[in-house]
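Provided herewith is a single structure, encoded as structure tokens, for subsequent inquiry.
The values are calculated or read from the model by the stated rules, or taken from the named source; none is laboratory data. As the structure is a prediction and not an experimental result, all values here were calculated from the model. Ideal geometry is used to build each Cβ from the backbone, glycine not excepted, and the neighbour counts take in all protein chains shown. Only protein heavy atoms, including side chains, enter the accessible area calculation; ligands, DNA and RNA are left aside. Shrake-Rupley method; radii C 1.70, N 1.55, O 1.52, S 1.80 Å.
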Amino acid sequence: MDKTYITTPLYYVNAEPHLGHTYTTVVADTLKRYWQSIGYDAFLLTGTDEHGDKIAQAAAASGSSPKDYADRISALFRSTWDSCGIAYDHFIRTTDDYHKDYVQKVLQRIYDSGDIYFGEYGGFYCYGCERFYTEKELVDGKCPDHQKAPEYISEKNYFFRMSQYQERLIETIQAKPDLIRPERYRTEVLAFLREPLEDLCISRPTSRLQWGIPLPFDANYVTYVWFDALINYVSALEHRGAESLATFWPKAQHLIAKDILKPHAIYWPTMLMAAGLPLYDHLNVHGYWVMDSGKMSKSLGNVIRPLEMKARFGMDAFRYFLLREMAFGQDAKFSEEALVTRINADLANNLGNLVSRVLAMQERYFAGVVQPLSASWTTEDAALRDKFIQAENELKGYMAELQFHRALESIWSALDHANRYVVQTAPFTAIKDPAKQVRVGEVLHHLLEVVRTLARVLAPFMPETALRLRELLVVDERALKNPWGEGFVAGHKINPPKILFPRIETDGKK
Ligand code: MSP
């Protein structure tokens with residue numbers, strides 16, 4: 001069976017799950033479900049990134065030990081994804097013992113091969129941020145966060161010979177045009193690689209930071225948090241067994257936003273080269289969600305929480321909005337107004353009305369019993385089927401390129417067509433003429449095929465809705481896959497309609 005391995009970033013435990021984390025995780029879940037639906041063995045990994053300065057500081061600020069603090073927030077991520085119905089296969093924490101062991105193994109391997117050396121590093125160090133700044137990053141010679149001039153310090157540390165891999169990395173990216181996608185991010189990475197690549201400082205002295213994985217070859221140092229966290233993508237598979245590692249790893253599809261492009265496009269592939277491991281298959285990079293009021297932040301009070309969205313609008317409606325509104329790769333605006341508009345127009349009106357109309361007519365005219373389909377279809381019948389076949393074909397292409405909004409557009413264009421078919425065939429008028437009863441039965445049969453097709457194609461995007469559609473039609477998963485016209489046998493009884501998406505009044509209440 002073909003395999004695919006989908007990963008989200010490991011989220012820092014210094015913030016609670018919000019819209020940004022949810023988007024990447026929902027995309028990962030949608031991809032996993034999609035690849036499974038076309039017969040792939042798909043594995044989804046997510047988890048939390050728990051070491052380093054940032055976390056140690058956040059823990060201290062909340063008055064807990066780093067471990068207790070990380071336990072709490074990590075559990076929150078996990079339970080949030082559970083409540084959101086995210087079908088992850090493994091949840092990794094960088095504090096898991098197997099991960100720490102594996103990171104040390106990789107470090108030792110790279111050290112033994114001579115790609116890690118001990119050296120002195122001098123730079124502008126901000127004690128507030130606990131990190132070095134380059135001159136370019138300083139604003140008027142000061143740390144932009146703390147408004148203080150950093151101190152020039154020099155410190156002994158371990159370095160990874162990243163510069164050695166520059167040429168090989170450029171060649172690799174050039175040889176595989178969709179390794180980093182969409183194109184704009186590949187271009188950005190190649191532009192960055194036109195400048196000489198520096199070696200990467202991969203340690204922090206324990207005199208300054210203890211919250212990290214000790215270097216296996218020097219107990220006075222812990223591992224730099226990115227060097228630790230990136231390895232999760234491999235350590236999680238290794239933990240599942242050699243077979244998982246060998247079969248899933250080369251099929252890795254990383255999902256990230258543009259904020260962490262550099263570590264994933266530069267550090268990570270060079271680390272893999274040094275460790276003698278194959279490269280990932282794709283690095284998929286999306287844009288940022290921005291609020292009307294600017295950046296999402298606690299102090300502005302505009303942080304969007306997934307569970308609140310789920311409680312107010314339903315998880316599937318929220319998923320639909322995220323996937324329909326953002327063109328993968330570009331930034332998108334989040335506003336509740338836009339969310340409500342989409343729910344009302346696309347879900348309540350277009351999708352919801354069609355389904356309830358069809359099921360209501362089936363119930364009223366034929367007591368829910370599916371009527372036979374004759375062999376002779378009208379041009380309208382064939383056009384309806386063809387439109388859905390076309391949508392499903394387009395969807396395949398768009399999903400391969402992560403163009404979720406286009407995939408949904410194709411489905412909705414077919415839905416528009418189905419709504420027009422109802423108007424053209426007017427079963428609600430025809431039923432009044434006893435001579436046309438058989439034809440009405442056929443028209444509704446075709447429309448039930450529409451609903452069955454929807455239950456299949458919407459499943460990766462809106463899994464709960466797809467399940468509800470399937471339950472309304474009383475079909476099992478296997479029957480869902482049958483070609484058009486072979487989904488139902490005459491005499492099959494379906495259920496009466498239920499409201500799928502209630503209209504939302506503009507004050508935000510249902
Ligand atoms: N811990 C690192 C990643 C290590 S991966 C080995 C990290 N964590 S993070 O918590 O800051 O998560 C960053 C990721 O969260 C982004 O790459 C993106 O997936 C998601 N998002 C956070 N805010 C976002 C938006 N406003 N918009 C879209 N996604 C963003 O970086």
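For the stretch 89-111, does any single residue satisfy the condition of being in a strand (DSSP E or B), open to solvent by 40 Å² or more (accessible area, probe 1.4 Å) and in contact (Cβ under 8 Å) with a residue 24 or more places away in the chain?
The answer is yes, given that some residue of the stretch 89-111 is in a strand (DSSP E or B), open to solvent by 40 Å² or more (accessible area, probe 1.4 Å) and in contact (Cβ under 8 Å) with a residue 24 or more places away in the chain.
Something else now. Cβ-Cβ distance below 6 Å, separation of 6 or more or different chains: which pairs start in the stretch 249-260 with a residue that is over 17 Å from residue 403 (Cβ atoms) and end on one that is more than 6 Å from the ligand (Cβ to nearest atom) and open to solvent by 10 Å² or more (accessible area, probe 1.4 Å)?
As it stands, the answer is 250/278; 251/3; 251/281; 252/281, since those pairs meet every condition given.
Could you identify the single residue in 28, 15, 56 that is small (Gly, Ala, Ser), within 10 Å of the ligand (Cβ to nearest atom), under 24 Å from residue 208 (Cβ atoms) and not in a strand (DSSP E or B)?
Going through 28, 15, 56 in turn, the sole match is 15.
Out of 79, 74, 83, 64, I need the residue that is at pLDDT 95 or above and either at positive phi or buried (at least 18 other Cβ atoms within 10 Å of the Cβ) (or both). Which one?
Of 79, 74, 83, 64, the one residue that is at pLDDT 95 or above and either at positive phi or buried (at least 18 other Cβ atoms within 10 Å of the Cβ) (or both) is 74.
Are there any helices (runs of 4 or more DSSP H) wholly within the stretch 414-510 with 1 or more residues that are of a type in the set (Val, Ile, Thr) and within 30 Å of the chain's Cα centre (by Cα), and if so which?
437-457, 463-473
Considering only residues that are farther than 25 Å from residue 115 by Cα, within 16 Å of the ligand (Cβ to nearest atom) and in a helix (DSSP H, G or I), which ones fall in the stretch 169-227?
Once the filter is applied, which keeps residues that are farther than 25 Å from residue 115 by Cα, within 16 Å of the ligand (Cβ to nearest atom) and in a helix (DSSP H, G or I), the stretch 169-227 yields 184, 185, 188.
While we're on this one: Would you be able to tell me the number of residues in the stretch 31-50 that are within 10 Å of the ligand (Cβ to nearest atom) and either outside any strand (DSSP E or B) or open to solvent by 10 Å² or more (accessible area, probe 1.4 Å) (or both)?
1
Of all residues in the stretch 347-369, which are under 13 Å from residue 473 (Cα atoms) and open to solvent by 30 Å² or more (accessible area, probe 1.4 Å)?
Passing the criteria: 356, 360, 363, 369.
Looking at the stretch 393-414, is at least one residue closer than 14 Å to residue 447 by Cα, of a type outside the set (Ser, Thr, Tyr) and open to solvent by 10 Å² or more (accessible area, probe 1.4 Å)?
No, every residue in the stretch 393-414 fails to be closer than 14 Å to residue 447 by Cα, of a type outside the set (Ser, Thr, Tyr) and open to solvent by 10 Å² or more (accessible area, probe 1.4 Å).
Could you say which residue among 114, 128 is small (Gly, Ala, Ser) and either at pLDDT below 95 or in contact with a strand residue (DSSP E or B) (Cβ under 6 Å, 6 or more places away or on another chain) (or both)?
One residue alone meets the criteria, 128.
Now for a separate question. Would you confirm, using the coordinates I've provided, whether residue 32 is at pLDDT 95 or above and among the basic types (Lys, Arg)?
Spelling it out, residue 32 is indeed at pLDDT 95 or above and among the basic types (Lys, Arg).
Looking at the stretch 216-235, I want the residues that are farther than 16 Å from residue 105 by Cβ and have a partner that is part of a helix (DSSP H, G or I) and near the ligand (Cβ under 8 Å from one of its atoms) with Cβ atoms under 6 Å, at least 6 apart or on another chain. Which pairs are those?
Matching pairs, first to second residue: 226/263.
Now a separate question. On the basis of being in contact with a His (Cβ under 7 Å, 6 or more places away or on another chain), in a loop (DSSP other than H, G, I, E, B) and surrounded by 14 or more Cβ atoms within 10 Å (Cβ to Cβ), does residue 384 make the cut?
No, not satisfied.
So how many residues does the stretch 287-310 have that are closer than 18 Å to residue 461 by Cα and open to solvent by 10 Å² or more (accessible area, probe 1.4 Å)?
Counting residues in the stretch 287-310 that are closer than 18 Å to residue 461 by Cα and open to solvent by 10 Å² or more (accessible area, probe 1.4 Å) gives 2.
Could you list, in sequence order, all residues of the stretch 229-282 that are part of a helix (DSSP H, G or I) and near the ligand (Cβ under 9 Å from one of its atoms)?
Passing the criteria: 229, 230, 232, 233, 258, 259, 260, 261, 263, 264, 268.
Among the numbered criteria (1) in a loop (DSSP other than H, G, I, E, B); (2) modelled with pLDDT under 95, which single criterion is violated by residue 152?
(1)
Then there's this: Do the conditions hold for residue 370, that is, is it without any contact (Cβ under 8 Å) to a residue 12 or more places away in the chain and among the β-branched types (Val, Ile, Thr)?
no
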